[in-house]
Amino acid sequence: MPLYLTSSGNEENKDKEANIKADQMVANHDPSKRTERFHEDASHPPKQHLTHVDFCNRSSLFVSFADLGLHQLIIAPDGYDAGVCLGKCPFPLQSDSTNHAIVQSLTRLTDPQVPEPCCVPTNHEPLTDLFHESQLNVVLRKYNEMIAQTCGCR
């Protein structure tokens with residue numbers, strides 16, 4: 001049975017249609033018709049109850065330019081909070097997930113070898129630093145997409 005993704009312009013109807021299609025997909029699943037998607041042996045631990053902190057979210061990740069050996073080039077800042085996305089993306093996904101992640105999550109319900117969608121940065125901010133371009137030149141430069149601001153399941 002095909003999965004239809006529709007857009008009616010009405011968010012409430014769209015959610016109902018997606019839930020109906022997902023329910024039909026799970027109810028009509030025939031395990032004998034499943035094709036192998038991965039060749040590796042996938043053993044999955046039993047499902048556990050997740051706490052709020054287990055779900056996909058942003059945590060701090062401080063990057064020190066001295067630790068990276070860049071302190072001779074970069075004048076300021078000494079480092080920055082780059083952020084890191086951690087956590088699980090279990091079914092049902094949050095509303096900010098992509099259609100691909102939703103379909104992947106639904107497929108995982110019928111085939112546990114399909115991996116969960118991944119917790120990744122969804123919005124970034126730039127980082128501005130001051131560095132030595134040469135012995136005589138100091139440059140202020142903006143690097144795009146250096147700081148993970150928000151995270152989501154993709």
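Observations
- Only one of 89, 119 that is in contact with a Gly (Cβ under 7 Å, 6 or more places away or on another chain) and at negative phi: 119
- Selection within the stretch 64-93: residues that are more than 13 Å from residue 127 (Cβ to Cβ) and not in a loop (DSSP other than H, G, I, E, B). The member of this set that is modelled with the lowest pLDDT is 88.
- Residue under evaluation residue 95, criteria (1) polar (S, T, N, Q); (2) closer than 25 Å to residue 56 by Cβ; (3) in contact (Cβ under 8 Å) with a residue 12 or more places away in the chain, criterion not met: (3)
- Taken over the stretch 94-106, the residue count meeting the criterion of being buried (at least 18 other Cβ atoms within 10 Å of the Cβ) and at pLDDT 90 or above is 5.
- The stretch 122-150 residues that are more than 29 Å from residue 86 (Cβ to Cβ), paired with ones that are part of a loop (DSSP other than H, G, I, E, B) and among the hydrophobic types (A, V, I, L, M, F, W, C) (beta carbon under 6 Å, 6 or more apart): 131/73; 132/73
- Options 137, 144, 123: the member that is touching a Pro at 6+ places or on another chain (Cβ under 9 Å) and either under 16 Å from residue 59 (Cα atoms) or loosely packed, with under 15 Cβ neighbours inside 10 Å (or both): 144
- In the stretch 51-90, the residues that are loosely packed, with under 14 Cβ neighbours inside 10 Å and more than 30 Å from residue 133 (Cα to Cα): 51, 52, 53, 54, 59
- Members of the stretch 103-154 found to be aliphatic (A, V, I, L, M) and closer than 17 Å to residue 70 by Cβ, listed by number: 127, 130, 138, 139, 140, 146, 147
The values are calculated or read from the model by the stated rules, or taken from the named source; none is laboratory data. Since the structure is predicted, the reported quantities are computational estimates derived from the model, not experimental observations. Using ideal geometry, Cβ is built from the backbone for each residue, glycine included, and neighbour counts are taken over all protein chains shown.
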